[in-house]
1. Could you give the nm distance between label points at Thr265 and Glu367, where each point is 7 Å from its Cα heading toward the beta carbon?
2. What residue among Leu355, Leu222, Leu273 shows peak mean-square fluctuation when the chain is described by a Gaussian network model with Cα springs under 10 Å?
3. Out of the range 355-404, which trypsin sites (Lys or Arg not before Pro) are coil in DSSP terms and have no more than 12 other C-beta atoms within 10 Å?
4. For the range 32-147, take the alpha-carbon Rg, divide it by the Kirkwood Rh, and send me Rg/Rh.
5. Length gain on complete extension for the stretch Asn32 to Arg393, per 0.36 nm per residue less the alpha carbon to alpha carbon distance?
6. Amide H of Phe268 versus every other amide H placed in the peptide plane: which residues, excluding those fewer than 5 positions away on the same chain, fall under 5 Å?
7. If R0 is 56 Å, what FRET efficiency do you get for Lys253 and Glu188 from their C-beta distance, rounded to 0.05?
8. What percent do you get for the relative contact order of the chain when only Cα pairs under 8 Å and 6+ apart count?
Amino acid sequence: MVKVSVMTTKNIKILAIETSCDETAAAVIGENPSDDGGQPVILSNVISSSVDLHAKTGGIVPEVASRAQMETIVPVISEALISSRFKVQGSRSLNYQEAIKLLDDITHIAVTAGPGLIGSLLVGFSAAKTLAYARDLPIIPINHIEGHVYSAFGGEFPISNFQFPMLALTVSGGHTMLVLMKDHGRYEVVGQTIDDAVGEAYDKVARLLGLGYPGGPQISKLAERFRNQFSIFNFQFSNNSQNSKFKIQNSAKIVFPRPIMKDGTFNFSFSGLKTAVLIRVKKIMAENNFEKAEDIDSGTKEEICAAFEEAVADVLAHKTAKAIEKYQPKSVIFAGGVSANQYLVEKLRTKVEELKPDIQFFTPTREMSGDNAAMIGLAAYYHIRRGDIADWRSIHVDANLKLV
Ligand code: KG4
Ligand code: ZN
């Protein structure tokens, strides 16, 4: 075990816990002194996922997720404490006594209070409340979506580089939201999905194509394959085939709808897109007498995935562009589990830069795009700086917690 020297100060040191879905996560956020009174710094970020269990059932079974949380919560918290000090990870090196001693340095507990699966949320929430009670520490309940917004602050740029107002597009398995952030803690939800979240649509489309769970990475892999095949022809998908720089027979015949893209609101709808994919898949199966979607050839599946992803990219980019025109933000954030998708990131970045070349565009690092506790701790840091802290007796968990 390699020891690293750590300054012992009275600076803020937050133990953050996130268990809203199928990840059990804990992190320690410290503070570096700076001119404006301090900068948060991620000292550890430990994530244990039960995704493999859900892959077997093709989706999350809430009770399976919460049972996995129960099993991993104590080791994950302990590992976050230990690796914040000793920079080692891995349960083999876990020393629970050492972890308990490290709790002495913690000044605040932060925890996801919702939205999410109630059984999962309760595991982290109960652990956080117990720690706050036992160590007599203030606690900060954090909205999961606020956490995703702050995940973009965990990258290589100092947080002071981010300029307000910011426009944050947060896209996950559970939510799709455009949020205007006027300052730390000041949010206005300008648009959100009226039915399925983007990640949910990816997962459902993957399921109906007979691909595994989670669907996002599977679909983006197949879509990428399709695009790579045609990139040598400078091929572009388009709603309007006249715009295609190159027309290839037997390719890109599939175009899916862009639901409510031009309805003048900043809301999203993805369930119609998923249904359009379902209708297309059923048609292909009927025409070929296939019994199951797995029988569809890989080239067609790749094309369906690429056409689906293109529709998602268009809608996200169009709505974000419209919101930029209206709200004139100085920076744009694209965060949430779906922001792991590099194609969507590049489509958005290009759209944003075309519109406003001087705008700052931020996405989380790969490690922080999915659910994690460092983002919860970063959000909590700014609550603490505003004096917005609570007592363990007064906080509540809420599966449908609203951002504002
Ligand atoms: O933020 P997250 O880890 O959990 C929620 O808060 O929901 O997001 C999980 C979602 C899943 O629906 C997953 O399919 C999607 O993010 N996802 C992706 C990609 N990687 C994960 N979606 C599209 N492309 C990806 N590469
Ligand atoms: Zn999430």
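Since every read-out is calculated from the coordinates, none of them should be taken as a lab result. Everything numeric here is computed off the predicted structure, so don't read it as measured data. So basically every Cβ, Gly included, is an ideal-geometry build from the backbone, and we count neighbours across all protein chains shown.
1. 4.0 nm
2. Leu355
3. Numbers: sites: Arg366, Arg385, Arg386, Arg393, Lys402; in loops: Arg386, Lys402.
Sites meeting the loop and neighbour criteria: Arg386, Lys402.
4. That ratio equals 0.99.
5. On the way: separation 361, 0.36 × 361 = 129.96 nm, distance 3.03 nm.
Gain on stretching Asn32 to Arg393: 126.9 nm.
6. When sequence neighbours closer than 5 places are left aside, the close amide H contacts are Gln192, Thr193, Ile194.
7. Working: r = 41 Å, r/R0 = 0.74.
For R0 = 56 Å, the calculated efficiency reads 0.85.
8. Numbers: 811 pairs, mean separation 94.6, N = 404.
Dividing the mean separation by the residue count of the chain yields 23 percent.
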